[in-house]
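A quick write-up on the structure given underneath.
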Amino acid sequence: MTITYVLILLGAGLCAGFASGLLGIGSSFIITPIQYEIYLAMGLPADTAIKMAFGTTMLVILPTAISGAWRHTQKGAVRWKTAIIMGSCSLLGAFGGASLATKLPGLWLKIAFGVVIIAASVRMFTARTQPTEQKPQDNVWAWAAWAIPAGLISGLVGIGGGMVLVPVMNMALKFKLHNAVATSLAAIIFTSLGGALGYIINGLNVPNLPSYSLGYAYLPSWLVLAVSTITMAQVGAIVAHRLPARQLGYIFAVVLLYVGLRMLGVFEFLG
């Protein structure tokens, strides 16, 4: 990997870490497409490059989520009981999704995910802010029912799961948005672990992967991205608690819309 690629990944990691701490998401919408282009430039086939990008991203999200969740915990915003239960359930789903993804072409999955993400973006744009007196749902079975499919989607398309979990917690489970962002980031610790293991284990016997690969995780990229994202996740978490909930919701909705359109290939179609 050349110094140019290292600098590109460092820049991407700084942006991704900030977004992760700010919005409670896994930052894959930044680092996955950049890694994909780098791996293509390194001579990897497209199918291997996208799986390598997904696997490495899941491994990067793990320490990033830990960093951001720690800062949100200092602010008292993480509902750890919810995070542990939803995270444990989504871990299982993410491992299964990642294992399945290594056997399938990603085009149909990306299109389906793009549609879901755009729908969530539109819902967050149009939803009213939850009344302050409305209590969040304290139902373990509801948490598990939402977390398992969220983890499955996360593993399939190499994301931490916050793009699904934050809207679910805010709109379906009635969490205040700041608590949804913080709790989602804590749950992502488990989700990313399950997804990373799925890509690593299912990639161990794949031939012709680059040197210093651990299954579908490329360790040089992981190291560069992890160092930069961990630091900026702290900054993003601090900024999140200084923004009004409605403004934070609009930012999240814009990010969702961008990711959905990118998954559908709209930007490539427009050139």
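What single numbered condition from (1) of a type in the set (A, V, I, L, M, F, W, C); (2) open to solvent by 30 Å² or more (accessible area, probe 1.4 Å); (3) within 15 Å of the chain's Cα centre (by Cα) fails to hold for Ile61?
Here Ile61 clears every test but (2).
Among Thr183, Thr191, which is more than 22 Å from Ala101 (Cβ to Cβ) and out of contact with any Cys (no Cβ under 7 Å at 6 or more places or on another chain)?
Exactly one residue qualifies, and that residue is Thr183.
In the range 178-218, how many are assigned to a helix (DSSP H, G or I) and without any contact (Cβ under 8 Å) to a residue 24 or more places away in the chain?
The number of residues fulfilling the criteria is 0.
When only residues in the range 140-162 that are open to solvent by less than 10 Å² (accessible area, probe 1.4 Å) and assigned to a helix (DSSP H, G or I) count, which is nearest to Thr32 (Cα to Cα)?
Val157
The conditions are (1) open to solvent by less than 10 Å² (accessible area, probe 1.4 Å); (2) modelled with pLDDT under 85; (3) assigned to a helix (DSSP H, G or I), and Phe29 fails exactly one of them. Which is it?
Of everything listed in (1) open to solvent by less than 10 Å² (accessible area, probe 1.4 Å); (2) modelled with pLDDT under 85; (3) assigned to a helix (DSSP H, G or I), Phe29 misses just condition (1).
Being open to solvent by less than 60 Å² (accessible area, probe 1.4 Å), modelled with pLDDT under 85 and in a helix (DSSP H, G or I) narrows it down to one of Ala83, Ala120, Ala94, so name that one. If you could, list the steps in order and put the result at the bottom.
Values: Ala83 fails: modelled with pLDDT under 85; Ala94 fails: modelled with pLDDT under 85.
Being open to solvent by less than 60 Å² (accessible area, probe 1.4 Å), modelled with pLDDT under 85 and in a helix (DSSP H, G or I) holds for just one of Ala83, Ala120, Ala94, which is Ala120.
Within the range 32-58, which residues are open to solvent by less than 30 Å² (accessible area, probe 1.4 Å) and either in contact with a Leu (Cβ under 6 Å, 6 or more places away or on another chain) or free of Cβ contacts under 8 Å to residues at least 40 places away in the same chain (or both)?
Across the range 32-58, the qualifying residue is only Ala49.
The values are calculated or read from the model by the stated rules, or taken from the named source; none is laboratory data. Please read all numbers here as calculations on a predicted model, not as lab measurements. When we count neighbours, we look across all protein chains shown, and the Cβ atoms used for this are built from the backbone with ideal geometry, even at glycine. Only protein heavy atoms, including side chains, enter the accessible area calculation; ligands, DNA and RNA are left aside. Shrake-Rupley method; radii C 1.70, N 1.55, O 1.52, S 1.80 Å.
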